[in-house]
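See below for the structure under consideration.
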Amino acid sequence: MPVVNIIGGALLLTLGRKIFWFFVAASGFYAGFELESRYLDIKPEWVALLIAVAIGLVGALLAYYFQKLVIGAAGFFAGAFIASRLVSYLGTRVQGWDWLLILIGGVVGIILMFAIFEWALIILSSLAGSILIVEGLGLTGLVETIAAVLLFVVGLVFQSELDRRYGSRKRASR
């Protein structure tokens with residue numbers, strides 16, 4: 001799945017704020033696949049991928065029709081995915097309690113999405129995008145960390161600039 005991770009990560013990194021439904025779909029897909037592969041051990045892998053795709057599609061449809069509900073769900077899935085990756089990057093094993101850290105990450109994602117929606121969407125999509133790209137490229141160690149941080153910053157700057165330009169045109173046309 002490296003190519004899928006790189007393409008999905010690049011779209012999240014650059015356009016996660018602008019294409020909210022994709023952010024929701026991608027968050028649902030990657031969080032669902034992560035949780036399935038880590039805790040449910042569904043075999044064969046194509047079945048796990050099919051379930052993850054279904055979760056992503058349902059998320060995209062819900063985002064279109066029930067935006068407020070999906071904002072919370074997207075925050076949870078993105079927060080859970082990011083927390084699961086950070087737990088594995090930090091190499092911490094909490095002796096079976098890592099699920100609690102992932103759950104806490106999901107709750108933090110929900111809170112961020114409702115408290116500061118625009119910036120939370122930019123931050124969460126940039127962070128998720130940078131993680132996916134780094135994983136897709138197969139980077140490890142210090143190079144992985146440096147690349148993830150640089151991509152995260154690029155995503156923040158790119159999306160905030162895109163939002164500023166789009167927002168100023170939108171305000172000027174009123």
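Read-outs: derived from the displayed coordinates by stated rules, not from any lab. What you see is a predicted model, and the numbers here were worked out from it, not measured in a lab. Quick reminder, even Gly has a Cβ in these numbers, built from the backbone with ideal geometry, and neighbours come from all protein chains shown.
Worth pointing out:
- FRET E, pair GLN67, GLU161, Förster distance 30 Å, beta-carbon r, rounded to 0.05: 0.80
- Largest GNM mean-square fluctuation across ALA26, ALA74, ALA120, computed for the chain with C-alpha springs under 10 Å, falls on ALA120.
- Environment charge of VAL134, counting only residues whose C-beta is closer than 12 Å and scoring Lys/Arg +1, Asp/Glu -1: -1
- The stretch 97-137: mean projected area of Cα convex hull, nm²: 3.1 nm²
- Computed from the Cβ-Cβ distance with R0 of 41 Å, the FRET efficiency linking LEU50 to LEU142 stands at 0.65.
- Residue with peak Gaussian network fluctuation, the chain [Cα springs, cutoff 10 Å], from VAL47, VAL149, VAL58: VAL47
- Rounded tilt (10° steps) of 141-172 against the dominant C-alpha axis of the chain: 30 degrees
- Residue-averaged 222 nm ellipticity for the chain, from DSSP H runs of 4+ at -39500 (n - 2.57), nearest 500: -29000 deg cm²/dmol
- Cα gyration tensor shape for the stretch 20-73, rounded if a/c is under 1.5, else prolate or oblate: prolate
- Computed from Cα atoms, the angle from the helix 45-65 axis to the main principal axis of the chain rounds to 30 degrees.
- Three-way shape label, the stretch 2-165, alpha-carbon gyration tensor, a/c 1.5: rounded
- Once the Cα atoms are used to define both axes, helix 67-89 deviates from the longest principal axis of the chain by about 50 degrees.
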